[in-house]
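Remarks on the structure that follows.
Read the figures in this text as sums done on the coordinates, not as results from a lab. Bear in mind that the values here come from a model prediction, so they are computed numbers and not experimental data. Using ideal geometry, Cβ is built from the backbone for each residue, glycine included, and neighbour counts are taken over all protein chains shown.
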């Protein structure tokens, strides 16, 4: 199971983090400006997804929001995996983030931003 919650950092403001019940640090989640919210698809696949891994659910897993008020849902990617969405936008991690509080993906390209709660 994943839990979405909000964090706050100077220069970014409030942003979403995802924490797994397996005990890893909560990591920042990002949205991709090339995704079309509500389309039910992700514009980040193949090589893109190696740098920006989607927030995926394993079979039987769930996601909940602890202090977020937006709509948490999911979409099915072309490979059959299930990606978490927030307010209809697919969520991703960034391979350059290694621990709680890292926001190294903020503004990359500038197509990537930390997901706002």
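In terms of the mean number of neighbouring beta-carbon atoms within 10 Å, the peptides 22-30, 6-14, 81-89, 41-49 order highest first as 81-89, 22-30, 41-49, 6-14. Nearest 5 percent is fine: what portion of the DSSP beta bridges confined to the chain is antiparallel? Antiparallel bridges: around 90 percent, rounded to the nearest 5. Contact order, relative form, for the range 2-114: 31 percent (alpha carbon pairs under 8 Å, 6 or more residues apart, mean separation divided by residue count). Just checking the listed ones, 18, 61, 100: in the Gaussian network model of the chain with Cα springs under 10 Å, the one fluctuating most is 61.
Rg/Rh for the range 72-117 (Cα atoms only, Rh after Kirkwood) is 1.00. Consider a paramagnetic label point 7 Å from the Cα of residue 109 along Cα→Cβ; state which residues of the range 36-61 have an amide N under 16 Å from it. Under 16 Å, as judged by backbone N against the label point of residue 109, lie 36-37, 41-55 of the range 36-61. Would you please classify the overall shape of the chain from the alpha carbon gyration tensor, given that a ≥ b ≥ c denote the square roots of the eigenvalues, rounded means a/c under 1.5, and beyond that prolate means a/b larger than b/c while oblate covers the rest? Since a/c stays below 1.5, the shape of the chain is classed as rounded. The GNM of the chain, with springs linking C-alpha atoms under 10 angstrom apart, assigns the highest mean-square fluctuation among 90, 54, 78 to 78.
Using 0.36 nm per residue and subtracting the Cα-Cα separation, the extra length available between residue 61 and residue 98 on full extension is 11.0 nm.
According to the Cα-based calculation, Rg over Rh for the range 1-67 is 0.97, with Rh computed by the Kirkwood formula.
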